[in-house]
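Since the structure comes first, as structure tokens, the remarks are kept for the end.
The values are calculated or read from the model by the stated rules, or taken from the named source; none is laboratory data. Just so we're clear, the structure is a prediction, and the values are computed from it rather than from any experiment. Positions of Cβ are backbone-derived with ideal geometry, glycine not excepted, and every protein chain shown enters the neighbour counts.
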């Protein structure tokens, strides 16, 4: 009985140490999320958010676009990455950055930011066999689900960033 208690205690200590080691480097986590924001081309997301936001007049909308145009994309990635790192794990950021650097991921981004609005997604790009293999990995599937769940929060933080840029 004592042996079982000692083994349970050792197991609990080891899992807590390993768990803390995995999340021990917040700087690496932040850098990974900022890399994901760059791979996702979030500067285009910011333009989309600005375009769909309600302004009292077109002059105010134009002013918001003008202010947004003065901000460098790297600043947007950095600022949005800082705000969204609590929603996106480091492993998800690394996995999805690798995906968005593939040809299929770039095609999906292009379609997201450059296609006409609509409900039908019939013309989705088809992945190559290697990309299909990459996309069928459990790590990718988990990361995709996590990023999809974080998408509303990313858009909300983007809206708050757009307001800060507009007001400041």
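Quick check on my filter: what residues within the stretch 61-82 are over 14 Å from residue 159 (Cα atoms) and without any contact (Cβ under 8 Å) to a residue 40 or more places away in the chain?
Residues satisfying the conditions are 62, 66, 69, 70, 72, 73, 74, 75.
In the stretch 65-77, which residues are part of a helix (DSSP H, G or I) and over 14 Å from residue 45 (Cα atoms)? Steps first, please.
Within the stretch 65-77, the first condition is being part of a helix (DSSP H, G or I), and the residues that meet it are 65-69, 73-77.
Hits for the stretch 65-77 are 66, 67.
Among the residues of the stretch 127-148, count how many are surrounded by fewer than 15 Cβ atoms within 10 Å (Cβ to Cβ), without any contact (Cβ under 8 Å) to a residue 40 or more places away in the chain and part of a helix (DSSP H, G or I). I'd like the intermediate steps shown before the answer.
The initial filter retains those residues of the stretch 127-148 that are surrounded by fewer than 15 Cβ atoms within 10 Å (Cβ to Cβ), namely 128-130, 132-133, 136-139, 141-142, 145, 148.
With the extra rule that they be without any contact (Cβ under 8 Å) to a residue 40 or more places away in the chain, the set shrinks to 128-130, 132-133, 136-138, 141, 145, 148.
Remaining after also requiring part of a helix (DSSP H, G or I): 129-130, 132-133, 138, 141, 145, 148.
Total satisfying the criteria: 8.
Could you tell me which of the residues 120, 21, 64, 56 is under 30 Å from residue 168 (Cα atoms), loosely packed, with under 10 Cβ neighbours inside 10 Å and modelled with pLDDT under 95? Show your work before the answer.
Numbers: 120 fails: under 30 Å from residue 168 (Cα atoms); 21 fails: under 30 Å from residue 168 (Cα atoms); 64 fails: loosely packed, with under 10 Cβ neighbours inside 10 Å.
After ruling out the rest, the residue left standing is 56.
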